[in-house]
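The values are calculated or read from the model by the stated rules, or taken from the named source; none is laboratory data. A quick note: this is a predicted structure, and the numbers were derived from the prediction, not measured. Here Cβ is always computed from backbone atoms with ideal geometry, including for glycine, and neighbour counts include all displayed protein chains. These accessible areas exclude ligands, DNA and RNA; they are computed on the full protein's heavy atoms, side chains included. Shrake-Rupley method; radii C 1.70, N 1.55, O 1.52, S 1.80 Å.
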Amino acid sequence: MKRLKQIFISLSDLINTVVKYLCIGLVGFLVVLVLVTVFFRYVLGMGLGWSDELARYINIWVALFGASIAFKYGDHVGIEFFRNFLPDKALRFFKFFINLLVFIFMIIAEYYFYSYFLKSRALTPAMQIPYRWIQISLFVGFAIMLIHLLSFLFTDIDDFLSGNFSVNRER
């Protein structure tokens, strides 16, 4: 169990590092793209029809990558009442149970995202690229979150087996 836990923690950390740099790069590109679009539209008087569409699609990817980073650090909305009310052992089991429910939801969502991706045949209006490249962002973003979630679950199971029920009450 410890080996599996370590594999998923390492994989989660590696992917999170890559995704952070991807987000930085994509946001930087997005800023340049929007500035070029503004320059062309208001200074040169001619719009770039494809730039708004590309900016929108990049923003979707950044949002899903950002969501996976937030998920890794536990920055999504939580239920504070339980964190403050339950004793450590009960809170640890509660968090584990919630993570299991999230895991089941994500597996089901991944199935539907992938099915949706496979059925997609449409092209984007301005750039004429397959919508698949935008739709796969859901699958990729949730897959990254699933890897993070598996590292959480294997950590919890390993801690339970070793009798460690302490919990971080800050997140």
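Assorted remarks:
- Calculated on the alpha-carbon coordinates, the convex hull of region 1-133 measures out at 151 cubic angstrom per residue.
- Sequence of R83, R132 from largest to smallest accessible area, 1.4 Å probe: R132, R83
- For the residues D158, D75, a 1.4 Å probe over the protein chains yields an accessible-area ranking, largest first, of D75, D158.
- Between the C-alpha center of region 115-162 and that of region 1-67 there is a gap of 15 Å.
- Carbon/sulfur fraction of accessible area - region 5-152, other protein chains in place, 1.4 Å, %: 75
- In degrees, nearest ten, helix 49-72 long axis to first principal axis of the chain (Cα): 10
- Residue-level accessible surface for W50, protein heavy atoms, 1.4 Å, Å²: 110
- For K95, the lysines whose Cα falls under 18 Å of its own Cα, not counting residues fewer than eight places away in the same chain, are K5, K72.
- Segment I24-I108, length gained on full extension (0.36 nm per residue, minus Cα span): 27.3 nm
- Accessible surface, 1.4 Å probe, highest first, among residues H148, H76: H76, H148
- Degrees, to the nearest 10: 88-119 long Cα axis against longest axis of the chain: 30
- In this calculation the C-beta distance from A67 to T124 is compared with R0 = 35 Å, giving a FRET efficiency of 0.95.
- Note on region 77-171: the C-alpha convex hull projects to 7.8 nm² when averaged across all orientations.
- Probe 1.4 Å, accessible area per residue of the chain, Å²: 62
- Cut-off 20 Å (backbone N to label point 7 Å along Cα→Cβ of M46), residues of region 120-134: 126-128
- Theoretical ellipticity at 222 nm over the chain - DSSP helices of four or more residues, -39500 (n - 2.57) apiece, nearest 500: -27000 deg cm²/dmol
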